[in-house]
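Enquirer: Handing you a structure now.
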Amino acid sequence: MMSKLLWKFLLSSPALLGATLLFSAGEVSAVERADLMASENITSQSGNQLQTADTITKEVKPSLIVAAPTSPVSQKVPTFSPTTKKNLELPELVAGNTKQPTAATPQPKALNLSPVMSEAETTLAQVPNSPVNSGVLEQVNRYSREGRKKKSQNQVTNVSQLRDVSPGDWAFEALRSLVERYGCIAGYPDGTYRGNRPTTRYEFAAGLNACLNQIERLIIESGDSFDRTDLETLQRLVQEFEAELATLGTRVDNLEGRVAFLEDNQFSTTTKLAGEVIFALTDEFNTEPDDASFLDNNNTVFQNRVRMEFNSSFSGKDRLVTRLAAGNADLFQIQGDPQAPNESALGTQTFNLGNTGDNDVIIDWLAYYTTFGASQIYFAGTGGIHSDYVPTLNPFFEDFDGGNGALSTFASENPIYRIGGGVGGAISLGVGVLESVLGPSTITVGYLAGPDSSDPTDGNGLFDGEYSLLGQLNVNIGDKIALGATYVNAYHRGFNSIFDAGGGFSGVVGTRFANDPREIALVPRDNPMVTNSYGVEAAFRLSETISISGFGTLTDVIMIGAGGGEIWTYGGGVALSDLGKEGNVLGIFGGVQPTLRGLDGNIRPAGGFARDNAYHIEGFYKYQLTDNISVTPGVIWLTSPGQDEGQEDAIIGTLRTTFKF
């Protein structure tokens with residue numbers, strides 16, 4: 001009889017129905033604030049949200065950390081762990097399931113992506129004749145903005161703003177007794193009930209609702225053999241907190257209505273869209289016209305690059321990336337040695353990559369990430385580069401050729417990662433022995449075939465044409481120092497450059513002779529080359545806002561059947577984050593771009609060749625104007641562009657504006 005009365009009471013009480021929806025509201029709120037991808041663990045709960053037995057079972061298990069793609073829109077300010085530096089930030093998107101789990105907010109070094117609700121706003125705006133009125137749309141906009149700033153006008157920032165339930169209140173003790181006897185509240189994320197501090201009436205109502213649900217289940221299972229005293233206590237508690245339960249129910253009803261509309265009109269249950277647009281005002285100031293008369297002064301230009309990235313997940317632990325790119329940015333002509341007057345690769349900036357010239361749209365990157373046991377696996381269908389899947393250990397400068405890190409391709413990462421690219425795959429394995437002694441450590445092996453990998457004719461294809469094979473060991477020493485050792489073996493066809501990032505003919509970093517030693521050596525340019533490159537990388541976190549990083553690489557070149565040479569490059573920088581404002585970055589970087597320093601005697605031209613170091617000095621300051629817009633002024637100073645200190649220096653000034661959505 002008692003079970004029937006309680007069941008009837010539960011069904012007839014709007015207040016309890018509202019409380020039943022409370023934890024759904026918690027999930028919806030988490031969806032609104034969730035990043036597209038998680039940092040190291042996909043799961044997290046609010047520090048002040050009670051976890052009931054139901055919510056505990058709904059938690060998503062932490063996924064295996066996988067190397068993140070070189071996506072400007074999924075970029076992170078790197079940490080120093082090889083396993084977390086470039087995590088595969090996987091969206092928990094499962095076909096047919098439109099709700100996302102709570103995503104963990106990265107450490108302060110991470111930059112958050114657009115929230116899920118922000119994308120839903122875009123969906124609403126694009127639905128023709130949308131039935132949502134302006135008031136509802138404004139509510140959606142407001143909810144999507146919650147959590148982006150430290151303080152919100154409508155956000156309760158202190159529990160003292162509400163009338164609390166203190167540990168000494170009868171209600172507190174009554175609920176504690178029920179919790180201990182029936183185990184209906186699992187506790188906060190730290191596994192405790194926090195019985196020594198006051199709780200808000202809304203938190204208390206949430207716990208009360210959990211106990212009601214638990215006792216209801218027990219009554220159904222055990223029949224009438226239930227403690228009448230507990231039922232009377234529950235009834236008194238429900239009457240005391242009826243107003244809070246009703247208020248929560250109303251808010252949840254409204255919120256679920258908005259979520260239902262968004263689900264009905266969303267783009268896809270498995271795919272999310274993110275984007276980046278770069279506007280760059282840039283000029284080269286110091287180069288005078290070359291004696292050859294065809295090299296004119298560089299003019300001030302206004303250039304752009306656009307990237308639209310579709311991120312799809314089918315299991316919650318994988319990710320398919322399809323990126324569209326367009327742009328109109330051309331390289332500057334930089335005066336060098338008279339035999340090679342156009343040293344364009346030296347002045348390559350990150351927004352110069354992926355441009356189509358006339359803003360034509362192409363698929364410039366197609367890749368798939370997944371996990372297999374303890375392994376982290378990557379496949380590239382087109383546009384793959386080595387820094388897609390391996391840590392580069394260059395915090396704040398590296399943003400995967402996006403618009404928020406260093407201006408130049410040289411300062412972004414060790415040029416060893418620019419050797420080759422295209423189609424292939426990679427796998428990363430944790431090194432348990434080193435991890436137990438030092439810290440998170442990984443061994444990574446990757447293989448990428450060149451631009452002719454889709455050609456089935458002789459001398460081409462996946463394994464018979466141009467390729468680059470990478471192996472890297474990363475170790476952490478504590479939480480402040482990260483070290484990497486990298487080896488790359490590559491085969492380069494005739495006329496193709498060494499540091500081409502898979503593009504083939506043109507290099508993206510380094511002097512002209514470093515990209516193609518055959519130009520200065522006594523070797524035909526159609527002669528193929530083999531390179532063996534040995535690199536080291538290191539990063540040191542001096543404090544939470546100061547990072548020091550650097551790299552060095554030796555590349556041995558073998559011009560098949562002719563002779564060999566040596567190419568050197570090294571550099572280092574200091575980055576100051578949150579300087580003046582959260583999200584800002586001041587970066588200063590210097591080093592030597594890839595420079596051809598030696599040739600075998602039998603292929604060295606008569607009288608030798610110029611081999612002065614091509615120094616690169618760069619400074620930039622990224623100012624985070626809003627959550628989605630940053631402005632970065634910077635200067636790049638290039639010396640000895642033709643590997644000859646007698647040639648004029650080049651000075652490039654850039655004002656870069658980046659929009660992320």
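Enquirer: Just give me the residues in the range 354-372 being surrounded by 21 or more Cβ atoms within 10 Å (Cβ to Cβ) and either more than 30 Å from G430 (Cβ to Cβ) or not assigned by TED's automatic domain parsing to the domain that holds S412 (or both), in sequence order.
Expert: Across the range 354-372, the qualifying residues are G354, N355.
Enquirer: Among the residues of the range 532-552, are any farther than 30 Å from I477 by Cβ, in contact with a Ser or Thr (Cβ under 8 Å, 6 or more places away or on another chain), surrounded by fewer than 24 Cβ atoms within 10 Å (Cβ to Cβ) and in contact (Cβ under 8 Å) with a residue 24 or more places away in the chain?
Expert: Looking through the range 532-552, none of the residues is farther than 30 Å from I477 by Cβ, in contact with a Ser or Thr (Cβ under 8 Å, 6 or more places away or on another chain), surrounded by fewer than 24 Cβ atoms within 10 Å (Cβ to Cβ) and in contact (Cβ under 8 Å) with a residue 24 or more places away in the chain.
Enquirer: Within the range 302-316, can one find any residue that is surrounded by fewer than 14 Cβ atoms within 10 Å (Cβ to Cβ) and at pLDDT 95 or above?
Expert: yes
Enquirer: Of everything in the range 553-571, what is closer than 23 Å to G484 by Cβ and buried (at least 16 other Cβ atoms within 10 Å of the Cβ)? Give them in sequence order.
Expert: T553, L554, T555, V557, E566, I567, W568, T569, Y570, G571
Enquirer: Which of the residues spanning the range 440-465 are assigned to a strand (DSSP E or B) and touching a residue at least 24 places away in the same chain (Cβ under 8 Å)?
Expert: Of everything in the range 440-465, those that are assigned to a strand (DSSP E or B) and touching a residue at least 24 places away in the same chain (Cβ under 8 Å) turn out to be T442, I443, T444, V445, G446, L448, A449.
Enquirer: If I ask for residues that are crowded, with 21+ Cβ neighbours inside 10 Å and hydrophobic (A, V, I, L, M, F, W, C), which ones from the range 641-658 would you list?
Expert: If the condition is that a residue be crowded, with 21+ Cβ neighbours inside 10 Å and hydrophobic (A, V, I, L, M, F, W, C), then A650, I652 are the ones that fit.
Enquirer: Of the residues G450, G461, G420, only one is at pLDDT below 95, surrounded by 20 or more Cβ atoms within 10 Å (Cβ to Cβ) and over 16 Å from the mean Cα position of the chain (by Cα); which?
Expert: Residue meeting the stated conditions: G450.
Enquirer: OK, next. State the number of residues belonging to the range 581-639 that are in a strand (DSSP E or B) and of a type in the set (S, T, N, Q).
Expert: Total meeting the criteria: 5.
Enquirer: Within the range 553-577, track down each residue that is over 26 Å from P395 (Cβ atoms) and free of Cβ contacts under 8 Å to residues at least 40 places away in the same chain.
Expert: D556, I558, I560, G561, G564, E566
Enquirer: Tell me, which residue of the range 382-396 that is in contact (Cβ under 8 Å) with a residue 60 or more places away in the chain and part of a strand (DSSP E or B) is farthest from I481 (Cα to Cα)?
Expert: G383
The values are calculated or read from the model by the stated rules, or taken from the named source; none is laboratory data. The shown structure was predicted, so the numbers you read here are calculated from the model rather than taken from an experiment. Quick reminder, even Gly has a Cβ in these numbers, built from the backbone with ideal geometry, and neighbours come from all protein chains shown.
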